[in-house]
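Asker: Structure in structure tokens, see below.
The values are calculated or read from the model by the stated rules, or taken from the named source; none is laboratory data. Just so you know, these numbers come straight off a predicted model, no measurement behind them. Note: ideal-geometry Cβ built from the backbone for every residue, glycine included; neighbour counts use all protein chains shown. The protein model used for the area step is the full one, side chains on, heavy atoms only, and it has no ligands, DNA or RNA in it. Shrake-Rupley method; radii C 1.70, N 1.55, O 1.52, S 1.80 Å.
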Amino acid sequence: MDFLRPAGWEEALEAKAAHPGAVPLAGGTDVMVEINFDRRRPEHLLDLERVSELHEWETGAEYVRLGAAVPYTRIIENLRHELPGLAMAARTVGSPQIRNRGSVGGNLGAASPAGDAHPALLSAGSRIEAASVRGSRLIPVEDFFTGVKRNALAADELIRAVHIKRATGPQQFSKVGTRNAMVIAVCAFGIALHPDTRTVRTGIGSAAPTPVRARVAEDFLNAELGDGGFWESGRPLPPAAARQFGELAAGACNPIDDARGTAAYRRHAVSVMARRTLGWAWESYRGHRPAQRGDRPCG
């Protein structure tokens, strides 16, 4: 196994072009496990630790551009207001040592259906910046996952950054596992309210061959909130609407039975998580939304 250690981004792209089978290594929290257990034996490892720009982020008016190697700890400490759903998911990733090394870029590269960052990226609205010596492109996160542990990257491409929409409303993340962290998710659910566009987005993990959005559930809730004037009034959501949202979210799943849980349990858990996270997010929206004309004054 050859070890490639580029000093900068352009050199990294050249190395990847010369060795398309080279496996990128940043935090190493997934790759080294596979190597140590002899599940993978690549001819080349491409160490990206010295590529400084991959460890940086920029906060714009609409999006946060998150370098592919920014560790989860930095997201928790520095971006919890801009990316609250992702920060919540980051807190459930492994141990402190893993959170200090693991990154969203690495999570995306592994493309595991159980990746903790994926539901938050789907619900927030994200694009993956992929680059090669041929140029760069932005891939909508919905199109990035192509199968179990497969993604849309070409053989000569590397993930440079993730562009994640800044929160304009409450976001929530929930994960079912044998404990809160240091465990692979049995299933996970993310939700983001987008008051600027009067829409709701979702993300589901570990309940289908790829991370998915619950699009039918989103359409139902968007119509319910819009037609009922809930965005403007901030009224409590009817329990029946929350239950229907949960049932539709479960319908988006295509899980399997495995050692961590049955397909039936995963569907049920997603339904419960969808209903609960919607309730938490909506109550937060009601408590923090800007005052509207016609609102009754408090006190």
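Conditions tested, residue by residue: (1) over 15 Å from the mean Cα position of the chain (by Cα); (2) under 30 Å from ALA12 (Cα atoms); (3) not polar (S, T, N, Q).
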position	(1), (2), (3)
VAL148	yes, yes, yes
ALA155	yes, yes, yes
LYS175	no, no, yes
ILE184	no, no, yes
THR210	no, yes, no
GLU218	yes, no, yes
GLY228	yes, no, yes
SER233	yes, no, no
GLN244	yes, no, no
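Asker: While we're on this one: Find the strands (runs of 3 or more DSSP E) located wholly in region 16-79 whose residues include 3 or more that are at positive phi and hydrophobic (A, V, I, L, M, F, W, C), and list them.
Answerer: none
Asker: Could you please tell me which pairs satisfy a Cβ distance under 9 Å, a separation of 6+ or placement on different chains, a first residue in region 77-105 that is among the acidic types (Asp, Glu), and a second residue that is part of a helix (DSSP H, G or I)?
Answerer: Correct list of pairs: GLU77/ALA87.
Asker: With the requirement that a residue be open to solvent by less than 20 Å² (accessible area, probe 1.4 Å) and in contact with a Cys (Cβ under 9 Å, 6 or more places away or on another chain), what does region 161-207 give you?
Answerer: CYS187, ILE204, GLY205, SER206, ALA207
Asker: Shifting gears a bit: Quick one: which of ASP258, ASP227 is acidic (Asp, Glu) and modelled with pLDDT under 95?
Answerer: Numbers: ASP227 fails: modelled with pLDDT under 95.
Residue meeting the stated conditions: ASP258.
Asker: Next up: I'd like to check something: does region 140-160 contain any residue that is of a type in the set (Asp, Glu), without any contact (Cβ under 8 Å) to a residue 12 or more places away in the chain and either buried (at least 23 other Cβ atoms within 10 Å of the Cβ) or out of contact with any Leu (no Cβ under 6 Å at 6 or more places or on another chain) (or both)? Show your work before the answer.
Answerer: The initial filter retains those residues of region 140-160 that are of a type in the set (Asp, Glu), namely 142-143, 156-157.
Narrowing further to those that are without any contact (Cβ under 8 Å) to a residue 12 or more places away in the chain: 143.
Those left that are additionally either buried (at least 23 other Cβ atoms within 10 Å of the Cβ) or out of contact with any Leu (no Cβ under 6 Å at 6 or more places or on another chain) (or both): 143.
Looking through region 140-160, at least one residue is of a type in the set (Asp, Glu), without any contact (Cβ under 8 Å) to a residue 12 or more places away in the chain and either buried (at least 23 other Cβ atoms within 10 Å of the Cβ) or out of contact with any Leu (no Cβ under 6 Å at 6 or more places or on another chain) (or both).
Asker: For region 208-229, how many residues are open to solvent by 10 Å² or more (accessible area, probe 1.4 Å) and assigned to a helix (DSSP H, G or I)?
Answerer: Number satisfying all stated conditions: 9.
Asker: OK, next. Go through region 248-278 and give me each residue that's among the β-branched types (Val, Ile, Thr) and part of a loop (DSSP other than H, G, I, E, B).
Answerer: Residues of region 248-278 among the β-branched types (Val, Ile, Thr): 256, 262, 270, 272, 277.
Those that are among the β-branched types (Val, Ile, Thr) and part of a loop (DSSP other than H, G, I, E, B): ILE256, THR262.
Asker: Going residue by residue through region 9-25, is there one that turns out to be surrounded by 12 or more Cβ atoms within 10 Å (Cβ to Cβ), under 21 Å from the mean Cα position of the chain (by Cα) and at pLDDT below 95?
Answerer: yes
Asker: Another one. Checking GLY115 against (1) part of a loop (DSSP other than H, G, I, E, B); (2) open to solvent by 10 Å² or more (accessible area, probe 1.4 Å), only one condition comes out false. Which one?
Answerer: In the conditions (1) part of a loop (DSSP other than H, G, I, E, B); (2) open to solvent by 10 Å² or more (accessible area, probe 1.4 Å), GLY115 misses (2) alone.
Asker: Given the criterion of a type outside the set (Phe, Trp, Tyr) and open to solvent by 70 Å² or more (accessible area, probe 1.4 Å), identify the matching residue among ARG40, ARG65. Before you say what the answer is, go through the steps one by one.
Answerer: Values: ARG65 fails: open to solvent by 70 Å² or more (accessible area, probe 1.4 Å).
Answer to the check: ARG40.
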